[in-house]
Amino acid sequence: MLEVTLFLVVITVITLVGMRSEIVRDELVLSIDEDLTLHNKFLVELQHDVEARLTARPSDATLTRHYNALVKAEIDTRLSLMPSA
């Protein structure tokens, strides 16, 4: 009887520890998702700001590639000028 009780206690402890680690893991995933969302919003706003200062987006495929390269270069320049945290 003592072995059965001890076995049940050990199983209960293992289950509780597993549940706690799942909760911590879920909170970590939620935190990472929030950080990525903020990061993506910042980059989208930066891209819109850069594109607002340029001429209208061209419709020709070749010119669009050059336009996209220009936007990317300007975004990279602005990011490099920002102080790192």
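Quick note: the coordinates plus some simple rules give every number you see, no bench work behind them. On a predicted model such as this, the values are computed, not experimentally measured, just so you know. Backbone-built Cβ (ideal geometry, glycine too); neighbour counts: all protein chains shown.
Some observations on this one:
- The set of residues in region 53-68 that are part of a loop (DSSP other than H, G, I, E, B) and surrounded by 12 or more Cβ atoms within 10 Å (Cβ to Cβ) contains only Pro58.
- The listed residues are Val44, Val71, and the only one of them that is within 23 Å of the chain's Cα centre (by Cα), surrounded by 12 or more Cβ atoms within 10 Å (Cβ to Cβ) and of a type in the set (Val, Ile, Thr) turns out to be Val71.
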